[in-house]
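What follows is a set of notes on a single structure, which appears directly below.
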Amino acid sequence: MRMLTFCKRCAMEILRDPLNLLFGLGFPIVLLLLLSAIQANIPVPLFEIAHLAPGIAVFGLSFMTLFSATLVARDRESALLQRLYTTPLRSADYILGYMLPMLPIAAAQSAVCYLIAILLGLPVNVRILSAILLGLPAALFYIALGLLCGSVFNVKQVGGICGALLTNLSAWLSGVWFDLELVGGAFGRIANALPFVHAVELQRAAVSGSMAGAWPHLLVVLGYTLAASAGASWLFLRQMNKQ
Amino acid sequence: MNAIQTTNLTKRYKNLVAVDNVNLSIRQGELFSLLGVNGAGKTTTIKMLSCLSKPTGGDAFVGGHSILREPLLVKGQIGVSPQETAVAPHLTVQENLELMCGIHGFTKEKRLAKIQELSAQLNLGDVLSRKAGKLSGGWQRRLSIAMALITEPDILFLDEPTLGLDVIARSELWDVIRALKGRITIILTTHYMEEAEALSDRVGIMKSGRLLTVGTPEELMKSTGAQRFEDAFIAIIKEEKS
């Protein structure tokens, strides 16, 4: 009950921030429309809607890091967390309270991305639902990364690190904008060692219905999600005890 | 029984003693002010008493419970209004109050009754539907105090409640604090002399983590031979320096 109250509050804080809506929904939709317009004039296989939409859906999820990090950092700076530490809320209530309400927000964001993609020509089928569901581990990874950053950095730093650096890094290393195999070398190896490209490939596999190819990517994403969640919990509790 | 009793309460950081062997007794129903310049140790003392920070030495009994051994029982008796406004900015005033009620597990009936009572007590009725982040500093502080009062605490900690407020907002907040006086024990930190003098039953003056003296504003003026409370404060601080 207490945790649900805190969950509800976190969801309201995120959904009522117009900047979150602008970045979380507006930016991915604009990119989807823009790249589809380019594709219509100069066809590139990478930007075909069935290939592009999963990438943009994952790119949209990367903003979850910014949202959760900003919320935690702001709560620390405004001393709201300090106030809540004097209440019966327990450690798990905070961690789950920050993370859980963002999952439906992430799912809704992916759904909107795919809805726009359908309007742009993506065939309607049940595989889109599985893609949205399989996007949740990646969403949790980005959310946990936000909790981790919000526990360490202040609001201004979070804006730079999670808003600019991470979203760009995540996009470059995910194979959305260019084929990683064309770059190859160290860049390709680094990209393959990180979860971003696997999150995109997982989505592409789900949309194309080739689930056999999806499992290796899912395992990598789940591994990173577990590691990020553990790291975020540890860092959050550390700053909580430091109070 | 005293509302608060500390014994050699100490907080050390690596190379700094933020609170140094503080022995303090605060009576039930008293408004006690901790006064001192920046870095005196006021906020650190409050953080320890409200179980936000563990002491590195000594102990304190808040409402008869040890902050070291019974922090949950201590938390059940206190309300805290931190130095910063500590409100959820995108939630309305009513939603902020509901948040605190929900976290404390109030029933729907109790929640509604409590919000109505606190709105009347702190004159929040006109701003209940406004987002907290859009309120002026004075109203945010008022909301912050209301949030701290939601559990009907026996002991209320107000950390620099009027910091950064204009004269009118400060005066209005003083009225709110005066209205609470006597009903609950209030521990207030401030570095405004006139605030300590106007509101407090007794004042403790801190410097460099140590509690230099405790007394009523009149007693402190008398002991230093000062005509004004501010002069008494300066004399006590300077005397300690020499």
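The values are calculated or read from the model by the stated rules, or taken from the named source; none is laboratory data. On a predicted model such as this, the values are computed, not experimentally measured, just so you know. Note that we place each Cβ from the backbone using ideal geometry, even for glycine, and neighbour counts take in every protein chain shown. We work out accessible area using only protein heavy atoms, side chains counted, and drop any ligands, DNA or RNA first. Shrake-Rupley method; radii C 1.70, N 1.55, O 1.52, S 1.80 Å.
Overview of results
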| item | result |
| --- | --- |
| Every residue from segment A:212-228 that is touching a residue at least 60 places away in the same chain (Cβ under 8 Å) and more than 17 Å from the chain's Cα centre (by Cα) | A:A214 |
| Among residues of segment A:1-41, those that are within 20 Å of the chain's Cα centre (by Cα) and among the small types (G, A, S), counted | 3 |
| Any hit, segment B:159-173, residues being surrounded by fewer than 16 Cβ atoms within 10 Å (Cβ to Cβ), without any contact (Cβ under 8 Å) to a residue 24 or more places away in the chain and not aliphatic (A, V, I, L, M) | yes |
| Candidates A:G185, A:G175, A:G160 - the one that is under 25 Å from A:I95 (Cβ atoms) and of a type outside the set (S, T, N, Q) | A:G160 |
| Identity of the residue in segment A:10-58, within 14 Å of another protein chain (Cβ to nearest Cβ) and in contact (Cβ under 8 Å) with a residue 60 or more places away in the chain, that ends up nearest to A:R76 (Cα to Cα) | A:C10 |
| Per-region count, segment A:187-223, residues over 27 Å from A:V126 (Cβ atoms) and either in a helix (DSSP H, G or I) or open to solvent by less than 10 Å² (accessible area, probe 1.4 Å) (or both) | 8 |
| Single condition B:S144 does not satisfy, out of (1) facing chain A (nearest Cβ under 10 Å); (2) over 19 Å from B:T185 (Cα atoms) | (2) |
| Test result for B:R210, out of contact with any helix residue (DSSP H, G or I) (no Cβ under 7 Å at 6 or more places or on another chain), open to solvent by 60 Å² or more (accessible area, probe 1.4 Å), under 19 Å from B:V37 (Cβ atoms) and not polar (S, T, N, Q) | yes |
| Hey, A:I128 among the β-branched types (V, I, T) and crowded, with 20+ Cβ neighbours inside 10 Å or not | yes |
| Unmet requirement for B:A88, which otherwise passes all of (1) assigned to a loop (DSSP other than H, G, I, E, B); (2) open to solvent by less than 30 Å² (accessible area, probe 1.4 Å); (3) in contact with a Pro (Cβ under 9 Å, 6 or more places away or on another chain) | (3) |
| Leading residue by the ranking (most open to solvent (accessible area, probe 1.4 Å)) among those in segment B:91-119 that are small (G, A, S) and more than 10 Å from chain A (Cβ to nearest Cβ) | B:A113 |
| Check on A:L21, modelled with pLDDT under 95 and more than 18 Å from A:V155 (Cβ to Cβ) | yes |
| Qualifying residue in segment B:64-80 (condition: away from every other protein chain (no Cβ under 12 Å), touching a strand residue (DSSP E or B) at 6+ places or on another chain (Cβ under 7 Å), without any contact (Cβ under 8 Å) to a residue 24 or more places away in the chain and open to solvent by 10 Å² or more (accessible area, probe 1.4 Å)) | yes |
| Tally, over segment A:96-112, of residues that are in contact with a Phe, Trp or Tyr (Cβ under 9 Å, 6 or more places away or on another chain) and either closer than 20 Å to A:V30 by Cα or among the hydrophobic types (A, V, I, L, M, F, W, C) (or both) | 5 |
| Test: residue in segment B:142-152 that is open to solvent by 30 Å² or more (accessible area, probe 1.4 Å) and basic (K, R) | no |
| Residue under evaluation A:R127, criteria (1) basic (K, R); (2) within 14 Å of another protein chain (Cβ to nearest Cβ); (3) in contact with a helix residue (DSSP H, G or I) (Cβ under 6 Å, 6 or more places away or on another chain), criterion not met | (2) |
| First in segment A:229-243 and away from chain B (no Cβ under 14 Å) and at negative phi, second anywhere and part of a loop (DSSP other than H, G, I, E, B) and of a type in the set (D, E), Cβ under 8 Å, 6 or more apart | none |
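For (1) surrounded by 15 or more Cβ atoms within 10 Å (Cβ to Cβ); (2) more than 14 Å from the chain's Cα centre (by Cα); (3) touching a residue at least 40 places away in the same chain (Cβ under 8 Å), each residue gets a yes or a no:
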site	(1), (2), (3)
A:L122	yes, yes, yes
A:L134	yes, no, yes
A:A139	yes, no, yes
A:I143	yes, no, yes
A:V155	yes, yes, yes
A:G160	no, yes, no
A:G163	yes, no, yes
